[in-house]
Amino acid sequence: MAHNFRSDVAIDWCPGCGDFGIITGITQAITEMELKPEEVAVVSGIGCSGKTPHYLNIAGIHTLHGRSIPFAVGVKLSNPGLKVLVTSGDGDMLSIGAGHFVAEGRRNTGLTVILYDNEVYGLTKGQAAPTMGLGMQTKSLTKPNIFGKINPIALALASGYTFVARGFSFDTKQLKEIIKKALAHDGTALIDVLQPCPTYNNINTMEWYRKRVYKLEDDKGWNPTITKENEAEAIDKYQKAYVKSLEWEERIPTGIFYENKTIPSFTKRIAGFVPSYLSNPPAKQQVSDSNGFTIVDPVKTFKDKLVESA
Amino acid sequence: MPESDISIVIGGPQGGGIDTSATMIGRAFAYSGMNVISVREFHSNIKGRHSYVHLRARKDVPRSLKFPADLLVALDPDTIFEHFEDVGKGTKIIYDSSFENSDLNQARMIMRDTSKKIKNHLETGGYPLTVKGMLEAMKARGGIPIAVSFDGIISEVIKDGTNARYYNTLGAAITLSIVGIPEEFIIESIKYVFGSKEKVISPNIEVVKSAYRFSSSKSFASTPTEKVNRIPKLMLTGNDGAALGKLMGGLRFQTYYPITPASDESSAIEEHQAMEWIGGESSSLEKGGVTVVQTEDEISAITMACGAALTGSRSATATSGPGFSLMAEAISFAGMDEIPVVVTLYQRGGPSTGLPTRNSQSDLLFALNTGHGEFPRIVISSGDVEECIYDAMKALNYAQRYQLPVIHLIDKNLANTTQLVDSVDAKKVKVEGPAIAKSGPDFKRYDLNTKNGISKTGYFGRDIFWMTGDEHDELGHVTEDPDMRDSQMEKRFRKMETADREIPVEDKAEIIGDKKAETTLVTWGSQKGVAQDVAQMFAKKGVKIKILYLKMFEPFPSDFVLEVLSKSKTVIDLESNMLGQAAQVIRMKTGFKIENQIVKYNGRHITEDELYEGIEKIMSGKTKKVVLRNGA
Ligand SMILES: Cc1ncc(C[n+]2csc(CCOP(=O)(O)OP(=O)(O)O)c2C)c(N)n1
Ligand code: SF4
Ligand SMILES: [Mg+2]
């Protein structure tokens, strides 16, 4: 029998929450990819979004607010054979964890980062998240939002993410396809998921998005992928992705904005220094002999510090 | 000068290669068969400010440093000014004759407060505010200035006008020639320092020879030390020791964000990340390697190390006070979720950025209390380079065996102390793994059915389980059920009882010296060495002092400590902090109040001479508290 990627934990998200669509997208993607359950791990931060790992029947950590990315990097780098999903909120990843979000672009570890973009802090009752526009006033706010917004797609591009996409949580078919491509990508992927929060965000509702979203892939000329062969077009593709990221109020693009296959992942870069890294990564290495003694020779290893006999 | 015990201060501008001179000197002593210890003191500055190495060489093993120095070697005028208090009867002061007219008021790199102090000292004695004036003042204290023309000696052999490049070598060579270390040994040092750079080696050797010719012409050179049989030893700093111990202890994943004095450990791990297997069984093993990641901040460093630990890697991070503060929340997570992770905490002067390159032991109470909520942890401390090696191995073991965060304290003084380690015993500490559960669908990461509180572990990549910072059930899912909460809290703390029971008391505290001595000096960390040297000085005078040396603060050996202290007549606490933090721990855990205190918090290492005086003062009954203030 095929593995059921949904766990038996009862979901306690509000009815109508966009998070349900994301969970569906994830389980469908890993099921269709026929991944073994022990080959996948999921890491989240804190928030409504942060509960995701408990609802999935794979190894999962529900970490600290803002810290899902570095936890996930540790899992991935220690055992690079794993597919590692990150499922966190916009507050989690673009406010308290923004430093990690940006730093991950430099690393390009090979994570699939799913950003639950509801423009609010769901779990703390609807304060403005960094993705909410200036002057917006949802029902949870006593005053219009005094902050400007961060554009997650543009920020991911600027930070160096090599796969940048957007999904809509009420279009699980497209979302699932994007997640599959992201999981197959050797590098870190950002998927910004438009995720209505009917409880606190009465502006960006499912209907609001439905009227605006369109698919980049519907334009037959849209090709966001950079490979060794078309590297000459890299800047052009990057610019196009950036310009697309600016579309919002009237029409909102979804699909893959940018995919760069020419930048080595962090795991490949480590293998450049430690040749055995991919075949014998930290998680797989033996550390003692059968009697329990160290296998590391102190003097041979630190021979540069030796004061030799005359 | 006593050839069996030589104390040297060599100073110069930061970035000017003082470390290189010190390595040459230290190695030459070691090659000649002597034992050495040295400490690096430096400003938080890259180029220009005063830095120095304080070194001591002895036939037997020196464990501490002392003032006055037998030799003060000044590679710049500032060194003469800065060390005016470190000169005593018979101290030879080696300097470049061109420094003599240097004016204190022009010495911009001397900190304003220090400059004022020096000025005051010179003015009080009626000396001019120049190096010459200071040398006069030093003479009055019994110092013997020896003017050397750096350029003169170097120009004998270097004709291309690059003299300044050789000042370090010259300083080292003059020093060694004066104390009677044969030329061949510094030449060996030069070859070590410059490695394969043949073109650099030969002119440096020429400079050495010129320096030795100079010294013998002036007949400064004392009779050469007798040759001793040399055995292979490693010359390591505390940072190196911890790095080596981690590699031996099975570390395979290390994260860090650069910070003094911790990053040198991560650099040492990275430099040796390829590791050499010991042979025998391991000869057929596939090559391995430690993954070292420089992270974007310390929060990332600790959380990344935790993530790696979940896949079964033995993982760790290293930091200092400011970074450790940032790690607090994640350490609480590691406690809650029973993640085996080691944080090597290099203590430097706080609060805040404090004295970023200076010694301190002010983070003990913080290490014991970092992170919100109540959770089990183990806190250990090392006192010399050799201990750093084995303690680093033990720290990784404790983390695995008890599935919790381990904080390994090393003070800056120890991190930057260089010592010779005779032979590293690869069998002294076993590499202990955790109890691992059988794989399967019913795996419970937080299984309550465990007497010792240790639930068998599993790994991402092999098992399916969950983790959350929230209170959780046996599977790792969120719960707020009051009974499950109690059971999980109690299970977690049962591990501490187990650890306390299983870890032998010798690994927690030690009596060093005569067990029957009625005076007990309580200390921890890098004072271990100086306390021993001073106790020996007292022993020679017929005064018996034993040392209660603390190594583990959580779990704390309360019964043992109380027994020792309550049987002592005089107890003196010795620490490098202001509050006497270890004494506070003792009071809290045992109820015993230590009456006498010797502390130092100016960031400099404690020297033998000042500690001796401090103990004398307390034993004379004149005072109950002494603050040590030595050090430039
Ligand atoms: C260090 C820390 N600060 C504050 C909080 C409280 N907190 C919990 S969830 C949350 C915001 C979550 O918002 P978001 O990341 O957008 O997730 P969402 O609930 O919207 O999915 C905050 C601030 C916390 N858990 N930890
Ligand atoms: S508060 Fe909003 S984001 Fe959170 S579960 Fe409810 S609807 Fe979803
Ligand atoms: Mg949110």
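The values are calculated or read from the model by the stated rules, or taken from the named source; none is laboratory data. Computed from a predicted model, the values in this text were never measured in an experiment. Quick reminder, even Gly has a Cβ in these numbers, built from the backbone with ideal geometry, and neighbours come from all protein chains shown. Protein only, heavy atoms only, side chains kept; ligands, DNA and RNA dropped before computing areas. Shrake-Rupley method; radii C 1.70, N 1.55, O 1.52, S 1.80 Å.
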Item to check | Residue list for the range A:1-33, restricted to those being within 16 Å of ligand 1 (Cβ to nearest atom) and within 10 Å of chain B (Cβ to nearest Cβ) | outcome: A:12
Checklist entry - For the range A:34-45, does any single residue satisfy the condition of being within 29 Å of residue B:328 (Cα to Cα), near ligand 1 (Cβ under 10 Å from one of its atoms) and not in a loop (DSSP other than H, G, I, E, B)? => result yes
Checklist entry - Out of (1) in contact with a Gly (Cβ under 9 Å, 6 or more places away or on another chain); (2) more than 8 Å from chain B (Cβ to nearest Cβ); (3) surrounded by fewer than 24 Cβ atoms within 10 Å (Cβ to Cβ), what's the single condition that is false for residue A:91? => result (3)
Checklist entry - So which residues in the range A:66-81 are under 15 Å from the mean Cα position of the chain (by Cα) and either within 16 Å of ligand 1 (Cβ to nearest atom) or more than 9 Å from chain B (Cβ to nearest Cβ) (or both)? => result A:66, A:67, A:68, A:69, A:70, A:71, A:72
Checklist entry - If you check residue B:493 against the conditions, is it open to solvent by less than 20 Å² (accessible area, probe 1.4 Å), touching a residue at least 40 places away in the same chain (Cβ under 8 Å) and over 30 Å from residue B:613 (Cβ atoms)? => result no
Checklist entry - Pairs, please: C-beta under 8 Å, at least 6 apart or cross-chain, first residue open to solvent by less than 80 Å² (accessible area, probe 1.4 Å) and in the range B:113-137, second β-branched (Val, Ile, Thr)? => result B:118/B:110; B:131/B:80; B:134/B:80; B:134/B:118; B:135/B:80; B:135/B:93
Checklist entry - Could you list, in sequence order, the residues of the range A:36-51 that are more than 11 Å from ligand 3 (Cβ to nearest atom) and of a type in the set (Ser, Thr, Tyr)? => result A:44
Next on the checklist: Against the definition (open to solvent by less than 10 Å² (accessible area, probe 1.4 Å) and more than 16 Å from ligand 1 (Cβ to nearest atom)), how does residue A:214 come out, yes or no?
Outcome noted: no
Item to check | Residues satisfying the stated conditions in the range B:46-63, i.e. among the small types (Gly, Ala, Ser) and either within 21 Å of the chain's Cα centre (by Cα) or exposed (fewer than 15 other Cβ atoms within 10 Å of the Cβ) (or both) | outcome: B:51, B:57
Checklist entry - Does residue B:482 count as crowded, with 17+ Cβ neighbours inside 10 Å and modelled with pLDDT of 95 or more? => result no
Checklist entry - For residue A:29, all conditions in the list (1) in a helix (DSSP H, G or I); (2) within 12 Å of residue B:464 (Cα to Cα) hold save one; what is the number of the exception? => result (2)
Item to check | Qualifying helices (runs of 4 or more DSSP H) (wholly inside the range A:208-310; at least 2 residues being within 14 Å of chain B (Cβ to nearest Cβ) and in contact with an Asp or Glu (Cβ under 9 Å, 6 or more places away or on another chain)) | outcome: A:266-273, A:298-301
Item to check | residue B:62 assigned to a loop (DSSP other than H, G, I, E, B), closer than 19 Å to residue B:137 by Cβ and in contact with a helix residue (DSSP H, G or I) (Cβ under 8 Å, 6 or more places away or on another chain) | outcome: no
Checklist outcome for this item: Note on the range B:277-312: residues without any contact (Cβ under 8 Å) to a residue 60 or more places away in the chain, at the interface with chain A (Cβ under 7 Å from one of its Cβ atoms), under 17 Å from residue A:277 (Cβ atoms) and open to solvent by 10 Å² or more (accessible area, probe 1.4 Å) are B:277, B:285, B:286, B:287
Next on the checklist: open to solvent by less than 10 Å² (accessible area, probe 1.4 Å) and under 15 Å from the mean Cα position of the chain (by Cα): is that true of residue B:385 in this structure?
Outcome noted: yes
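What's the total number of residues in the range A:147-161 that are in contact with a helix residue (DSSP H, G or I) (Cβ under 9 Å, 6 or more places away or on another chain) and either over 15 Å from residue A:99 (Cβ atoms) or not hydrophobic (A, V, I, L, M, F, W, C) (or both)?
8
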Checklist entry - Do you know which residues across the range A:45-62 are more than 13 Å from ligand 2 (Cβ to nearest atom) and more than 7 Å from every other protein chain (Cβ to nearest Cβ)? => result A:45, A:56
Checklist outcome for this item: Picked from the range A:63-78 (must be touching a helix residue (DSSP H, G or I) at 6+ places or on another chain (Cβ under 6 Å) and open to solvent by 10 Å² or more (accessible area, probe 1.4 Å)), the residue nearest to ligand 3 (Cβ to nearest atom) is A:65
Checklist entry - In the range A:110-142, which residue that is more than 16 Å from ligand 1 (Cβ to nearest atom) and out of contact with any strand residue (DSSP E or B) (no Cβ under 8 Å at 6 or more places or on another chain) is least open to solvent (accessible area, probe 1.4 Å)? => result A:135
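A quick yes/no check of all residues on (1) under 27 Å from residue A:19 (Cα atoms); (2) among the acidic types (Asp, Glu); (3) in contact with a Phe, Trp or Tyr (Cβ under 9 Å, 6 or more places away or on another chain); (4) within 16 Å of ligand 1 (Cβ to nearest atom):
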site: A:180; (1), (2), (3), (4): yes, no, no, no
site: A:229; (1), (2), (3), (4): no, yes, no, no
site: A:240; (1), (2), (3), (4): no, no, yes, no
site: A:251; (1), (2), (3), (4): yes, no, yes, no
site: A:279; (1), (2), (3), (4): no, no, no, no
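If a residue must be in a loop (DSSP other than H, G, I, E, B) and within 10 Å of chain A (Cβ to nearest Cβ), how many such residues does the range B:409-440 contain?
Qualifying residue count for the region: 12.
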Next on the checklist: Would you confirm, using the coordinates I've provided, whether residue A:168 is surrounded by fewer than 19 Cβ atoms within 10 Å (Cβ to Cβ), of a type in the set (Phe, Trp, Tyr) and within 16 Å of ligand 3 (Cβ to nearest atom)?
Outcome noted: no
Item to check | Test set (1) of a type in the set (Asp, Glu); (2) more than 15 Å from ligand 2 (Cβ to nearest atom); (3) part of a loop (DSSP other than H, G, I, E, B) - residue A:12 fails condition number | outcome: (2)
Checklist entry - In this structure, is residue A:99 surrounded by fewer than 24 Cβ atoms within 10 Å (Cβ to Cβ), more than 14 Å from ligand 3 (Cβ to nearest atom), under 15 Å from the mean Cα position of the chain (by Cα) and over 24 Å from residue A:181 (Cα atoms)? => result yes
